[in-house]
Amino acid sequence: MTPTSTTPPRIELHRGGDRMKTRIPWLDSKHSFSFGEHYDPDNTHHGLLLVNNEDVVLPGEGFDTHPHRDMEIVTWVLGGSLVHQDSLGHNGVIYPGLAQRMSAGTGIMHSEKNDSWRLDGKSHDEPVHFVQMWVVPDEPGVDPGYQQLEIDDELARGDLVTVASGLPRYRDRTAIAINSSHAAMHVARMTADSPAITLPDAPYLHVFVASGEVDVEGLGTLSQGDAIRLTRSGGQSIRPHGDAEVLVWEMHARLGGG
């Protein structure tokens, strides 16, 4: 990780339609950064955030068991439900309003599926729509772990809610903890009547419009899939046009590669 004192202020707007895409019969995936076979040396990360994938998975399909290592992985479901199982024995259903984090650490295997059967035994045909985000931990080789927590009531207030964090300043109001003392993720689920939210001041911010449309001070209207990357900035206001959901990563360090 690298200090930020010499990094010049900058705001970059990235439109959702310009993202790299993976499309196969059961998956529609859009990548904000280089991912898998999609590689752009000028678009590998922002701050400590390496992955911001927006995925839609058809019912009865999903990601078979696969490994991860030395990464903090936060999954945020926007619609439908996602079944998680891992090699530590954790399993559960992730749905909108449920914060979930997996620390890959020394190594973990997991699968993520859109199960076509509900808990009541009835089948369904609803896709699952979610955003998965990866940030770098403070140190490699930590024990792998898993955490989830329902925060739907907090989101109903319409303001910026801290969902996952390792930053000490949010210790008393973080839903789930991550092994990165320089990063926090916030979510605002807004309606037309919600007041404007204000972005935190930070060396690095990544703001992703997960649904709806919002007005960002100084930038105009952003739609679903759009993102802004801010360097040594913050304090801008965001106002919703109607129902909208915004994911904000606040980061106080960056990878050494720039």
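The values are calculated or read from the model by the stated rules, or taken from the named source; none is laboratory data. Just so you know, these numbers come straight off a predicted model, no measurement behind them. Cβ sites come from the backbone with ideal geometry, for glycine too, and all protein chains shown count toward neighbours. Keep in mind that these areas ignore ligands, DNA and RNA; they rest on the heavy atoms of the full protein, side chains included. Shrake-Rupley method; radii C 1.70, N 1.55, O 1.52, S 1.80 Å.
Say whether the condition of being farther than 30 Å from G141 by Cα, surrounded by 22 or more Cβ atoms within 10 Å (Cβ to Cβ) and at pLDDT 95 or above is met by at least one residue in the range 195-208. Checking the range 195-208: at least one residue is farther than 30 Å from G141 by Cα, surrounded by 22 or more Cβ atoms within 10 Å (Cβ to Cβ) and at pLDDT 95 or above.
With respect to (1) exposed (fewer than 14 other Cβ atoms within 10 Å of the Cβ); (2) more than 19 Å from D226 (Cβ to Cβ), the lone exception for R10 is condition (2). Within the range 53-71, can one find any residue that is polar (S, T, N, Q), farther than 16 Å from F130 by Cβ and out of contact with any strand residue (DSSP E or B) (no Cβ under 8 Å at 6 or more places or on another chain)? Taking every residue of the range 53-71 in turn, none turns out to be polar (S, T, N, Q), farther than 16 Å from F130 by Cβ and out of contact with any strand residue (DSSP E or B) (no Cβ under 8 Å at 6 or more places or on another chain). Listed by position, the strands (runs of 3 or more DSSP E) enclosed by the range 17-86 that each have at least 1 residues that are of a type in the set (S, T, Y) and either surrounded by fewer than 19 Cβ atoms within 10 Å (Cβ to Cβ) or on the phi < 0 side of the Ramachandran plot (or both) are 20-24, 27-31, 61-68, 72-79. Of all residues in the range 160-194, how many are of a type outside the set (A, V, I, L, M), more than 25 Å from L255 (Cα to Cα) and either open to solvent by less than 40 Å² (accessible area, probe 1.4 Å) or modelled with pLDDT of 95 or more (or both)? Count: 3. Among the residues of the range 89-108, those that are in contact (Cβ under 8 Å) with a residue 40 or more places away in the chain and under 21 Å from S180 (Cα atoms) comprise L98, A99, Q100, R101, M102, S103, A104, G105, G107, I108.
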